[in-house]
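Q: Next up is a structure, given as structure tokens.
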Amino acid sequence: MKAVILARVSSREQENGMSIDAQLENMKNYIQRKELKLIKTFQITESSTKGDRKKFLEMLAFVKSQKDKIAIVADCVDRIQRSFKESVDLDELLKNDKIELHFLRENLRLHKDSTSSEIAMWDLSVFTAKTYVNNLRDNVKRGINYNVKQGVWQSIAPIGYLNRRDANNRPIIIHDPDRAVGIRRLFEEYSSRLHTLGDLVKKVEQFGLTNVKTGKPICRSQVFRILNNPFYYGMMQVKGALYPHIYEPLIDKALFDKCQDVMNGKGRARFKSSEIPFIFRGLIKCADCGCAISSDRKTKKSGREYVYLSCSHYKGNCTQERVNESVLLEQIEREVLQKLVFPPDLLRELMDTLKSVLKAENSYVLDEIARLREQQDKATAKRSKLLDLLLSESITQDDYANKKSELDEALHNIKVKLDAHAQADDTFINTLESLLLIASKANELFQSSKVEQKREILNLLLSNCTLADGKLRFSLRKPFDALVNLTNRAVWLGNLDSNQD
């Protein structure tokens, strides 16, 4: 059989390491052992989770253009994919007997007659790779948010402030001399309860509140956003959380709170529906109109409480009738949770599969850590050499300070990423443990959980949830769709291909 090799690294920095060479050596040895005929080698430097993956698509196009079936050989699953979006094209080619997939480290060969267990192993490998990347990205974001926690705003300043640069070319935010007074007056006028939002919109030009770029008066929505923006009293809102910033406030918090009382109605309790703990909160949409399905608790005369789900009718009335929450829970228990129960010997086979996936993933982590530590050593050496240049008076104090600041920032970012790998690894393992726990006793775990934990379990298991005619339509997330289909040991333990090592 003809074969192509796919060797991939995720960044150009890795090209200088041994990742590509090591992959090629392993795969060429494999092809020789299996007596395959190598017709083309694809060496790719691109992310498997970002962008259009042009090089990967070039490889697929080449394979599709061949008359004969082609074996795509990769060092491990994550060299081809770290998400399920590629599975659609690959699965179609497999079913049409156009390709085989050979993954060395997972010891897995996929073809049109692959068993459900082999497909499940593929899905599990992609799931673990995707989970690790997601955890890593989340931890890197938390590290990069260092500036936010230090009170540094990283976007365009709100009206009343201006983005500027200080003497060292660092970004700062200052009061806008043309609009700061108008912002204060806007808050003061609104807090007096003598003016509505509509009244204030008519006065903004009088207050000098115009858009910086166009010079046109600000509109009603901008007035509303200003009156609700905590930045003006010293707090910045980032992804729903408040952080104190380092810039001079335009108003005090007492004035801001007074405006909030006016806007919300002083003394009137306000409780967001999103804060009420409902199992299906935010998980279901209406199949008729696409609006969110909301939950509501009703108390009968007997004192017994029931939770009903109904369309929010945000886009107008639709024909969807409300349904008792217990009806949907019974459906999920019957169609999903009761099927995710495996005997101990079957669970051991699942654990063995995950161990092989973890082994392949660990290789990627070690490569990334080695590359980051190499960068860290180089940056540290440059900083040491920079000090020597200063002491020998080869550079000025200002040049030294600017360059040292750049290197310190680079070293900080490298440390953030190294720490993120360590944190991601812990979260990654916890996620896999959750997967095993759910796969082994999903129904028992669900029934014994609190409302918010039940919601998290459903969010992990289900996607594309819609309510139609009193029933829940949904898709099972990968790899749970494959696991539910493994209804007996014979299917799960289908004989692996004799050509596998």
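Q: Counting only protein chains, not ligands or nucleic acids, how are 41, 128, 299 ordered by accessible area (probe 1.4 Å), most first?
A: Numbers: 41 50, 128 0, 299 90 Å².
Highest to lowest solvent-accessible surface, that is 299, 41, 128.
Q: Let me ask something additional. Could you name the lysines in cross-link range of residue 471, using Cα to Cα under 16 Å and dropping any fewer than eight places away on the same chain?
A: List returned: 285.
Q: Let me ask you something else. In terms of Cα to Cα distance under 23 Å, which lysines are near enough to residue 382, apart from those fewer than 8 places away along the same chain?
A: 403, 404, 415, 417
Q: Here's something else I'd like to know. Of the listed pairs 239/478; 95/339; 40/98; 213/239; 2/34, which have alpha-carbon separations greater than 18 Å here? Could the numbers behind the result be given before it?
A: On the way: 239/478 28 Å; 95/339 26 Å; 40/98 16 Å; 213/239 26 Å; 2/34 11 Å.
Among 239/478; 95/339; 40/98; 213/239; 2/34, the Cα-Cα distance tops 18 Å for 239/478; 95/339; 213/239.
Q: Can you give the % of DSSP beta bridges in the range 33-131 that are antiparallel, to the nearest 5? Show your work: numbers first, answer last.
A: Details: 3 of 8 bridges.
Percent antiparallel among DSSP bridges in the range 33-131 is about 40.
Q: Cα to Cα, under 26 Å, and not fewer than 8 places away if on the same chain: which lysines meet these conditions relative to residue 216?
A: 202, 203
Q: Only Lys, Arg, Asp and Glu count, each charged at its Cβ (+1, +1, -1, -1), so figure out the dipole size of the range 155-210 about its Cα centre, rounded to 20 debye. It would help to have the intermediate numbers written out before the result.
A: Values: 9 positive and 7 negative charges, 24 e Å.
Here the size comes out at about 120 debye.
Q: Might you work out the accessible area of residue 87 for me, using a 1.4 Å probe with all protein chains in place, and round it to the nearest 10 Å²?
A: That residue has around 10 Å² of solvent-accessible surface.
The values are calculated or read from the model by the stated rules, or taken from the named source; none is laboratory data. The structure displayed is predicted, hence computed values, not measured ones. Cβ coordinates were reconstructed from backbone atoms using ideal geometry, including for glycine residues, and neighbour counts include every protein chain displayed. When the accessible area is computed, the model is the full protein with side chains, heavy atoms only, and any ligands, DNA or RNA have been set aside. Shrake-Rupley method; radii C 1.70, N 1.55, O 1.52, S 1.80 Å.
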